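As C-alpha cells, the structure follows; a few thoughts come after it.
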C-alpha cells in the first residue's frame, strides 16, 4: 500500500507508538511525506528545545525507509483547487494545510494515514484513521 503520512502519524511513529509503527511495517510498501508535512514538522521542531535532534531523526527516517517527498507543483495546486472547491460546495471546512496534504495524497495515488477525522469529508482520497 502507498501510505501518505499526515504530520500526526510521523510524530506517532517517531515516538514509537506500537499501533502506528506496526501498521506502517505491515502495510507500508511505499511511504510518502507531503512537502507541507515537512513544513509542519520543521515548525514544531523550531518551537521545541530539541530541534537538531528531531531534524536528524526525521532525515534518518526519510533515508532509512526511502520515503518519497511529494513536492508542491502545478499538479498538486490543481488538485488542491479541486478538493477545496468540492469542500466549499458542500459547506465542509478543514484546515488549509490539510487541503494541501490531501492534494499531495491525491497526486501520489496513495492512502492517507492520519488521526484527523476531518479528512473523511475529502472524497478524492482514501484514508485510514488510526485512533
Scanning segment 115-125 for residues that are farther than 18 Å from residue 40 by Cα and in contact with a helix residue (DSSP H, G or I) (Cβ under 8 Å, 6 or more places away or on another chain), the one surrounded by the fewest Cβ atoms within 10 Å (Cβ to Cβ) turns out to be 123
Within segment 91-105, count every residue that is closer than 20 Å to residue 75 by Cβ and more than 9 Å from the chain's Cα centre (by Cα). 5
If residue 70 meets every condition in (1) farther than 22 Å from residue 131 by Cα; (2) touching a residue at least 60 places away in the same chain (Cβ under 8 Å); (3) exposed (fewer than 12 other Cβ atoms within 10 Å of the Cβ) apart from one, which number is that one? (3)
Output the residue which, of all residues in segment 79-91 that are surrounded by 13 or more Cβ atoms within 10 Å (Cβ to Cβ) and without any contact (Cβ under 8 Å) to a residue 40 or more places away in the chain, is nearest to residue 3 (Cα to Cα). 80
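Inside segment 92-114, can you point out the residues that are farther than 17 Å from residue 40 by Cβ and free of Cβ contacts under 8 Å to residues at least 40 places away in the same chain?
Filtering segment 92-114 for residues farther than 17 Å from residue 40 by Cβ gives 92-93, 106-111.
Selection gives 92, 93, 106, 107.
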Quick check on my filter: what residues within segment 1-37 are part of a helix (DSSP H, G or I), surrounded by 17 or more Cβ atoms within 10 Å (Cβ to Cβ) and under 9 Å from the mean Cα position of the chain (by Cα)? 7, 9, 10, 36, 37
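Where a number appears in this text, it was derived from the coordinates with a stated rule and is not lab data. Since this is a predicted model, take the numbers as computed values, not measurements. Every residue, glycine among them, receives a Cβ derived from its backbone with ideal geometry; neighbour counts consider all protein chains shown.
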